[in-house]
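Read the structure below first, then the notes.
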Amino acid sequence: MNPQNNKSQKSQKSRSGGHATKKPQPSLQDQLPELREGQSIELLKELHILTRDGRLNQDTRRKLKQVYHLVQFIEPLLQTVLDDKGDVSLADHGAGKSYLGFVLYDLFVRPQGKGWVYGVETRQELVDKSRELAQRLGFDRMRFLATTVQASLTHADLPETFDVVTALHACDTATDDAIAFGLAKQARFMVLVPCCQAEVASVMRQHKAFHLKRTPLAELWRHPLHTREFGSQITNVMRCLQLEAHGYEVTVTELVGWEHSMKNELILARHQPGAPEEKRRRARERLGEIIEEVGLRPLADKFLA
């Protein structure tokens, strides 16, 4: 053994009373900087964000980061509506375990004492669990429905209008259904994080040979991998133009860093009642031109509705 190392170890033990110094366990606030004063620790445990002994569950840390980032975008929208009309309603489509709905209720609705959160999810077992948890926590202005986004358009248990519509990772056409819901319910704001768009890509595949002869732009989706990626990209472009054609101001940004999720695009739409008709008309024209250029006529009625 190196005499110098031995001397150093003895010196360290003498300073600590003969025992190696133990690092203090990090506090919950250190582990979870986003934690707010008064936030329900019981809720975080029920959502498996925290373990039963109150430690951060690293397996859900990535999911939580996405939800908190989304909450930062949504809270100001809820506050704007609440300030204007004294109440606010939010519909969360493809809710899953309702991470987003529960966190929004805990951080915003519960402290305000006003507002409603509706979760729409197809899986009955998840809806039942969410209902039971909301009842146990006393979140009495939360409602959950086991139905598709499309069927929710005419569901008797939903209000005729909503202020805010969200869809976090609603797969494939469920995001389009959420947009249709928001338009039908006269939503003031829509917050969308699309996922796994496949419909447009499938249409592009059907007539790929024809378009390769017609235009060099078809090289953008000639290879199968590019068909999938370009199909996903053009789907979101068309969604943005559709929203603009209905009088929404649209912002597209990154939700969280790519290290947290590859499904990372956030579409934020704000309805502008006084949006110039010329701007709306131009968006609709551009949308029609893209549909024609990329060969998506079978989807024209859907996006141009």
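Among the numbered conditions (1) out of contact with any Phe, Trp or Tyr (no Cβ under 7 Å at 6 or more places or on another chain); (2) open to solvent by less than 20 Å² (accessible area, probe 1.4 Å); (3) in a strand (DSSP E or B), the only one that residue 118 does not meet is (2).
Considering the conditions (1) outside any loop (DSSP other than H, G, I, E, B); (2) at pLDDT 75 or above, residue 12 is excluded by exactly one of them, (2). Applying the condition of being of a type in the set (S, T, N, Q) and open to solvent by less than 20 Å² (accessible area, probe 1.4 Å) to segment 148-189 and asking which residue is nearest to residue 127 (Cα to Cα) yields 152. Scanning segment 45-66 for residues that are crowded, with 17+ Cβ neighbours inside 10 Å, at pLDDT 80 or above and either of a type in the set (Val, Ile, Thr) or part of a helix (DSSP H, G or I) (or both) gives a single hit, 46. In segment 202-212, the condition of being over 23 Å from residue 301 (Cβ atoms) and part of a helix (DSSP H, G or I) is met by at least one residue.
What single numbered condition from (1) open to solvent by less than 20 Å² (accessible area, probe 1.4 Å); (2) farther than 21 Å from residue 180 by Cβ; (3) outside any helix (DSSP H, G or I) fails to hold for residue 266? Of (1) open to solvent by less than 20 Å² (accessible area, probe 1.4 Å); (2) farther than 21 Å from residue 180 by Cβ; (3) outside any helix (DSSP H, G or I), only one is false for residue 266: (2).
Residues in segment 269-302 that are within 19 Å of residue 217 (Cβ to Cβ), touching a residue at least 24 places away in the same chain (Cβ under 8 Å) and in a helix (DSSP H, G or I): 8 in all.
Which residues, counting only those in segment 190-201, are surrounded by fewer than 19 Cβ atoms within 10 Å (Cβ to Cβ) and in a helix (DSSP H, G or I)? Working first, answer last.
Step one: of segment 190-201, the residues surrounded by fewer than 19 Cβ atoms within 10 Å (Cβ to Cβ) are 196, 198-199.
Residue satisfying the conditions is 199 alone.
Checked against (1) touching a strand residue (DSSP E or B) at 6+ places or on another chain (Cβ under 7 Å); (2) in a helix (DSSP H, G or I), residue 90 passes all but a single condition, namely (2).
Only one of the listed residues (288, 231, 295, 274) is open to solvent by 20 Å² or more (accessible area, probe 1.4 Å) and either modelled with pLDDT under 95 or charged (D, E, K, R) (or both). That residue is 274.
The values are calculated or read from the model by the stated rules, or taken from the named source; none is laboratory data. Because the structure is a prediction, the values reported are computed rather than measured. Note: ideal-geometry Cβ built from the backbone for every residue, glycine included; neighbour counts use all protein chains shown. Areas reflect the complete protein model, heavy atoms only, side chains present, ligands, DNA and RNA absent. Shrake-Rupley method; radii C 1.70, N 1.55, O 1.52, S 1.80 Å.
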